[in-house]
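See below for the structure under consideration.
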Amino acid sequence: MTTHMTLQPRFRVLGAISFSHLLNDTMQSLMVAIYPLFKSGLHLSFAQIGLITLAFQFTSSLLQPLVGLYTDRRPQPFSLAAGMGCTFTGLLALSIADSFPLVLMAAAMVGTGSAVFHPEASRVARMASGGRYGLAQSIFQVGGNAGAAIGPLLAALVVLPHGQGSLAFMSLLALVAMLVLIGVGLWYRHQQRQPRPAPKSTHNPLPKGKVRTTLGVLLALMFSKFFYSASLSSFLIFYLMEHYGIGVRDAQFHLFLYLFAIAAGTLLGGPIGDRIGRRQVIWASILGVAPFTLMLPYVGLGTSAVLVMIIGFMLASAFPAMVVYAQELIPGRIGAISGLFFGLAFGLAGVGASVLGLVADHWGIETVYRICAFLPLIGLIAVFLPDLRLNREPRGVAEPARA
């Protein structure tokens, strides 16, 4: 007879993994924020800046599914700390880089650290969830949201005033994260050594064709979400300044409201999915935001601030639900699915910013928002997502450590 231990969420572990996510994404966003330093110091062209981004995104986005696939078969409790060691090495190399090839290699090291971190960290969040998978995923992801906001602030306050060498000081963040992740790794290893229940079947009752179709629908919804999100995170300040004639400081306040709403949506999206179902959250978050995106280009400044907060909250609430839904769609592949979705999230945001930047250059920033307003209508295809709740474990039942 198969038995499972009933556990409460391990909030200390979840807090540690969320804090590590904060530090990881702080260092990622820090690297992007100091591009002007490298451009002026090494006399780089915009094409070379693009190649730095490519090196960083290529390793971070494309390696994540491969790392996840490997650790699904051979879990590595201390790979989290090892991955952060790659980030530490990359930041140290950036602090002394005096040539373009060295900057490329250092950027690739930072990307590799991110690629190793996300799949296994998402697995740990699921292991520590006590069956509340959406809540655990939200706690994990909100740390990354906070880190993405802190990185540019540290760049402005520390790195840009004190120069490239101050990146060595910033690498201390990676050392702190390594220490935290060693503790997480010890907990992870302890879980592996515990008597494990009889392994549950990883057979999916859905036909393979249905699984593939459902995964394709999720990826299309990812495209909709992250392309629209790129229009706000990358160009909102420029849009507000041009469309409403406001100053940079006022536009930055609107961006802060958007980022705050993203953090709130990320934190609440997972628990809401635990309660009402992830399919419902995905449907409401992607398609439900369409009326607000369609209104945004045609309202006044005050109303736009409210709409931006609603849009940020609703779009952000979708991602924890999407990741957990995909993990339940393809059981036994927690690392591969986490790596795929986090890698795509990072890659699509980068591609989206590039494509929308070209649109803005040719047809104006306001055209970007009029076009992107229709992207959430892709959420109509969420009707093809099956309801997986009938096949999900009862709430509060922990799954084995080896996902």
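Values in this text are rule-based calculations from the coordinates and carry no lab data. Bear in mind the structure is a predicted one, so any value in this text is a computation, not a measurement. We place every Cβ from the backbone using ideal geometry, glycine too, and count neighbours over all the protein chains shown.
Cα centroids of region 69-128 and region 333-371: 22 Å apart. Pairwise inverse Cα distances across the chain, averaged and inverted, put the Kirkwood hydrodynamic radius at 21.6 Å.
Ranked by how many other Cβ atoms sit within 10 Å of their own Cβ, fewest first, the residues Glu366, Glu120 fall in the order Glu366, Glu120.
Around the Cα centre of region 56-137, unit charges on the Cβ atoms of Lys, Arg, Asp and Glu (plus for the first two, minus for the last two) sum to a dipole of about 380 debye. Working from Cα pairs under 8 Å separated by at least six residues, relative contact order for the chain is 28 percent. Placing pseudo-labels 7 Å out from each Cα toward the beta carbon at Ala220 and His243 gives an inter-label distance of 2.7 nm.
With the simple spin-label model, which puts each label point 7 Å out from Cα in the Cβ direction, the Leu51 to Met105 separation comes to 1.5 nm.
Neighbour counts of C-beta atoms inside 10 Å place Ile378, Ile246, Ile282 in the sequence Ile246, Ile378, Ile282, starting with the fewest.
Projected label points at Leu380 and Val306, each 7 Å from Cα along the beta carbon direction, are separated by 2.8 nanometres.
Taking each residue as 0.36 nm, the span from Arg12 to Arg189 lengthens on full extension beyond its C-alpha to C-alpha distance by 62.1 nm. Per-residue ellipticity at 222 nm from helix content only, as computed over the chain with -39500 (n - 2.57) for each DSSP H run of at least four residues, stands at -25000 deg cm²/dmol. In region 148-277, if the dipole is taken from +1 on Lys/Arg beta carbons and -1 on Asp/Glu beta carbons about the Cα centre, which of Leu232, Phe256, Thr266 is farthest to the positive end? After comparing all options, I get Thr266.
Starting from one equal scatterer on each C-alpha and no solvent at all, send me the Debye-based log10 I(q)/I(0) for region 1-136 at q = 0.10, 0.11, 0.19 Å⁻¹, two decimals. Reported log10 I(q)/I(0), two decimals: -0.40, -0.47, -1.04. For Gly130, the residues whose amide H sits under 5 Å from its own are Arg10, ignoring neighbours fewer than 5 places away on the same chain, with H placed 1.01 Å from N. Neighbour counts of C-beta atoms inside 10 Å place Leu173, Leu268 in the sequence Leu268, Leu173, starting with the fewest. D by Stokes-Einstein for region 56-205, Kirkwood Rh over Cα pairs, 10 °C, 1.306 mPa s: 94 µm²/s.
From a point 7 Å beyond the Cα of Phe260 in the direction of its Cβ, which residues of region 290-312 have a backbone N at a distance under 19 Å? Within reach of a label on Phe260: 301-312.
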